[in-house]
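*Asks:* For reference, the structure I am asking about is given below.
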Amino acid sequence: MNFDFSIIVEYAPLLLRGTLYTLMLSLVGILIGTILGLLIGLGKMMRNRIWAFPFTVYITFFRGTPLFVQLLIIHFGVVPMFIGETNAIMAALLALSLNSAAYIAEIFRGGIKSIDSGQMEGARSLGMTHVQAMRYVILPQAIKRIIPPMGNEFIVLIKESSIAAVITAPELMYWSRNMQSQYLKVWEPYLTAAAIYLILTMTLSFVLSRVERRLDTE
């Protein structure tokens, strides 16, 4: 195997730009996904099954179908329907956000369900409304249990963002594929991309482990 470092050096600025796009897509995806996920998770927990049904359908669809299919539907169907043309960045952000929201909704639901029901009853007995009890009593306790799986979801999202290359979103894998196409090389572009993803995920895993240890001591 003749490994040519010169093409990696040549593509270094583009790979750096792609890495920044990867981080941007993942960060925005997890932020929007967290907001939507909280709302969807609370919606699914409503006692009225008719009101909860749309949220259940949302979670079932996005958890039960491949992200690749969702990305293509959004890129070629949803985005052009609103702006009249395709937009790879917008489609990638929407797909990652909507997909992560379904998983984060279940994370929130599981975290809230893990809190003893007596906490809600105690808050209500003090005169709090259901919304106040959820905001001031249940969610603050649930957050500590939610952070570890949320961190794992962020790591998953960083890796899944690579699929945006198929719609030419200029993230890391897009430039790696360009390098492979230009030089007809396999090892250089894909091992470099793998190394960058590994650095990103290991760094995030280290940060998350420190946060978890900090939460355990509080």
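The values are calculated or read from the model by the stated rules, or taken from the named source; none is laboratory data. What you are looking at is a predicted structure, and each value in this text was computed from that prediction instead of being measured. As a convention, Cβ positions derive from the backbone with ideal geometry for all residues, glycine included, and neighbour counts pool all protein chains shown.
*Asks:* Which numbered condition trips up Tyr174, out of (1) over 21 Å from the mean Cα position of the chain (by Cα); (2) assigned to a helix (DSSP H, G or I); (3) within 21 Å of Val9 (Cα to Cα)?
*Replies:* With (1) over 21 Å from the mean Cα position of the chain (by Cα); (2) assigned to a helix (DSSP H, G or I); (3) within 21 Å of Val9 (Cα to Cα) applied to Tyr174, the lone miss is (1).
*Asks:* Consider Phe82 against the criteria (1) over 21 Å from the mean Cα position of the chain (by Cα); (2) within 27 Å of Tyr190 (Cβ to Cβ); (3) not aliphatic (A, V, I, L, M): it satisfies all of them except one. Which criterion is unmet?
*Replies:* For Phe82, the exception is condition (2).
*Asks:* Out of curiosity, is Gly18 touching a residue at least 12 places away in the same chain (Cβ under 8 Å) and farther than 27 Å from Pro149 by Cβ?
*Replies:* yes
*Asks:* In addition: Could you say whether any residue in the range 177-184 is within 18 Å of the chain's Cα centre (by Cα) and modelled with pLDDT of 95 or more?
*Replies:* Among the residues of the range 177-184, not one is within 18 Å of the chain's Cα centre (by Cα) and modelled with pLDDT of 95 or more, which makes the answer no.
*Asks:* Here's a follow-up. Please determine whether any residue of the range 201-216 is closer than 22 Å to Ala88 by Cα, of a type outside the set (Lys, Arg) and either in contact with a Gly (Cβ under 8 Å, 6 or more places away or on another chain) or surrounded by 12 or more Cβ atoms within 10 Å (Cβ to Cβ) (or both).
*Replies:* Taking every residue of the range 201-216 in turn, none turns out to be closer than 22 Å to Ala88 by Cα, of a type outside the set (Lys, Arg) and either in contact with a Gly (Cβ under 8 Å, 6 or more places away or on another chain) or surrounded by 12 or more Cβ atoms within 10 Å (Cβ to Cβ) (or both).
*Asks:* Quick check on Thr192: is it closer than 25 Å to Gly111 by Cβ, in a helix (DSSP H, G or I), out of contact with any strand residue (DSSP E or B) (no Cβ under 9 Å at 6 or more places or on another chain) and not small (Gly, Ala, Ser)?
*Replies:* So Thr192 fails the test.
*Asks:* Tell me yes or no: at least one residue of the range 146-162 is over 23 Å from Gly64 (Cα atoms) and polar (S, T, N, Q).
*Replies:* no
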